[in-house]
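Here is the structure we will look at.
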Amino acid sequence: MEKTTQTQTFDKVRERFPSLHQRINGRSPVYFDNPGGTQVPQSVIDAMVAYLATSNSNKGGAFTTSRRTDATVKGARHAMMDMLNASRPEEIVIGPNMTTLTFHIARSIGQTLNPGDELVVTRMDHDANVAPWLLLARDHNLPVRMVDFNPETGRLNYTQLEAMVNRNTKVIACVYASNALGTINDMPRVVQLARSVGAMTYIDAVQYAPHGPIDVQALDVDFLACSAYKFFGPHLGIVYGKYDLLESLPVYKVRPAPATVPGRWETGTGQFEAMAGLTAAVDYLAWVGDELGTPASDARRDQVQAGMTAIRAYEMGLSQRLLDGLASIPSVTVKGITDEVAERVPTIIFTVDGFTPREAAEALAADEIYVWNGDYYAIAVMELLGMQKSGGMVRVGAAHYNTPDEVDRFLNRVENL
């Protein structure tokens, strides 16, 4: 297939998202609320509608629509296997959201721990990858080690992490990319450290998944969690787990539920229409790879890899434009990495002199520019930055469907505050 120019291809990307073309109060909205959830392409909407219109049923039945539902579930597993490069579809667990799945798996891991075992978490994480381990430790009377980050640079304190990990460490829970600071952590280094002491790794990739390629086999991670609504899909949570762990860990389930992997981890009735949308979201990323990238083959895994690599390259330009623009406004203070966009995703937090974070977000919203304010459940981040009591910070986050013109519109509005 002959490749078009990047500009032409980018126009094709925006064409796929109906929400980008609506007018609200006479203006085109600018979606910079992406760290809290992205927009979805028409193909995802169509897949969900088609399922509800033609296949709506529970799974496991002898009749046509139930068999279609079984195929929908199977398709979603294979899609996520390709996106994450799992070794088999059974290593993909799908649930209502990442937080629920993390509590579920942490509770099961807790049944295998003994007095004296230790857990390690970071202060950079979303609370969904902190609270489950704190509560596990409370229930089993286990110590938890908390790893700091440098408030000035926004980088994880790897020296402290290495000092805290020892032969008693059983789980290291760490974020791939911070949903507040935007920092991309050195996952191979974290996983290798865990391997050296025989600990399990539980990686929160929710914020990283929309912005770069993931290869769970290359990382050798034990568990990796992400959320479809952060990578242009519906509201679903996904956890990859190594098959032997998903098979051997004790599980909390109803008695009729499957004893086999991965059904033993999926409690209750699934969100089947959302699973149809999940497959469509992964197929969309494969389309991006075919349009914007250079996939190694026609295999969906290679296409997704190429798509995420292209997205990463494009978004680094948006990150640089945002960081440079915010740095030029005297009343603005940015926290996190500002000197190397390759070490971050385009998620940026800042304050504006004379405005609370909520007031700044409301002023931007008046011009239909959408950003978040608060702590975004990254409680420890705001505490370490000293911002928790002042209402947190403003958060702007770009995605690959955003444009340089939208960045400039945002920066001009911030400057005019």
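Which one is farthest from Arg145 (Cα to Cα) among residues in the stretch 209-231 that are in a loop (DSSP other than H, G, I, E, B) and either among the hydrophobic types (A, V, I, L, M, F, W, C) or open to solvent by 20 Å² or more (accessible area, probe 1.4 Å) (or both)?
Phe231
I need the full set of residues from the stretch 134-162 which are of a type outside the set (Asp, Glu) and more than 18 Å from Leu384 (Cβ to Cβ), in order please.
At the first step, the residues of the stretch 134-162 found to be of a type outside the set (Asp, Glu) are 134-138, 140-147, 149-151, 153-161.
Those that are of a type outside the set (Asp, Glu) and more than 18 Å from Leu384 (Cβ to Cβ): Leu135, Leu136, Ala137, Arg138, His140, Asn141, Leu142, Pro143.
Quick check on my filter: what residues within the stretch 47-58 are surrounded by 14 or more Cβ atoms within 10 Å (Cβ to Cβ) and either touching a Gly at 6+ places or on another chain (Cβ under 9 Å) or β-branched (Val, Ile, Thr) (or both)?
Ala47, Met48, Tyr51
If you check every pair at least six apart or on different chains, which have Cβ atoms under 7 Å apart with a residue in the stretch 344-370 that is under 24 Å from Met124 (Cα atoms) and in a loop (DSSP other than H, G, I, E, B) first and a residue that is hydrophobic (A, V, I, L, M, F, W, C) and open to solvent by less than 10 Å² (accessible area, probe 1.4 Å) second?
Val345/Ala177; Pro346/Leu318; Pro346/Leu322; Pro346/Ala398
So is Val396 farther than 20 Å from Leu318 by Cα, at pLDDT 95 or above and either surrounded by fewer than 23 Cβ atoms within 10 Å (Cβ to Cβ) or within 22 Å of the chain's Cα centre (by Cα) (or both) or not? Before the answer, list the steps.
Working: farther than 20 Å from Leu318 by Cα: no; at pLDDT 95 or above: yes; either surrounded by fewer than 23 Cβ atoms within 10 Å (Cβ to Cβ) or within 22 Å of the chain's Cα centre (by Cα) (or both): yes.
It is false that Val396 is farther than 20 Å from Leu318 by Cα, at pLDDT 95 or above and either surrounded by fewer than 23 Cβ atoms within 10 Å (Cβ to Cβ) or within 22 Å of the chain's Cα centre (by Cα) (or both).
Working only within the stretch 165-188, note down all residues that are crowded, with 16+ Cβ neighbours inside 10 Å and either within 24 Å of Thr112 (Cα to Cα) or among the basic types (Lys, Arg) (or both).
Val165, Thr169, Lys170, Val171, Ile172, Ala173, Cys174, Val175 - these are the residues of the stretch 165-188 that are crowded, with 16+ Cβ neighbours inside 10 Å and either within 24 Å of Thr112 (Cα to Cα) or among the basic types (Lys, Arg) (or both).
What strands (runs of 3 or more DSSP E) lie completely within the stretch 59-154 and have 3 or more residues being closer than 24 Å to Leu285 by Cβ, among the aromatic types (Phe, Trp, Tyr) and open to solvent by less than 20 Å² (accessible area, probe 1.4 Å)?
none
Of all residues in the stretch 8-33, count the ones that are closer than 17 Å to Asp405 by Cα and in contact (Cβ under 8 Å) with a residue 24 or more places away in the chain.
13
Can you find a residue in the stretch 155-162 that is in a strand (DSSP E or B) and under 25 Å from the mean Cα position of the chain (by Cα)?
Yes, the stretch 155-162 contains a residue that is in a strand (DSSP E or B) and under 25 Å from the mean Cα position of the chain (by Cα).
Quick one: in the stretch 235-283, of everything that is more than 19 Å from the chain's Cα centre (by Cα) and among the hydroxyl-bearing types (Ser, Thr, Tyr), which residue is farthest from Ala79 (Cα to Cα)?
Tyr252
For the structure I just gave you, tell me whether Thr267 is under 17 Å from Gly212 (Cα atoms), in contact (Cβ under 8 Å) with a residue 60 or more places away in the chain, surrounded by fewer than 19 Cβ atoms within 10 Å (Cβ to Cβ) and touching a Gly at 6+ places or on another chain (Cβ under 9 Å). So that I can check it myself, show each step before the final result.
Details: under 17 Å from Gly212 (Cα atoms): no; in contact (Cβ under 8 Å) with a residue 60 or more places away in the chain: yes; surrounded by fewer than 19 Cβ atoms within 10 Å (Cβ to Cβ): yes; touching a Gly at 6+ places or on another chain (Cβ under 9 Å): yes.
So Thr267 fails the test.
Would you mind stating whether Ile238 is of a type outside the set (Phe, Trp, Tyr), in contact (Cβ under 8 Å) with a residue 40 or more places away in the chain and in a strand (DSSP E or B)?
So Ile238 fits the description; yes.
The values are calculated or read from the model by the stated rules, or taken from the named source; none is laboratory data. No experiment lies behind these values; they were computed from the predicted model shown. Ideal geometry is used to build each Cβ from the backbone, glycine not excepted, and the neighbour counts take in all protein chains shown. Keep in mind that these areas ignore ligands, DNA and RNA; they rest on the heavy atoms of the full protein, side chains included. Shrake-Rupley method; radii C 1.70, N 1.55, O 1.52, S 1.80 Å.
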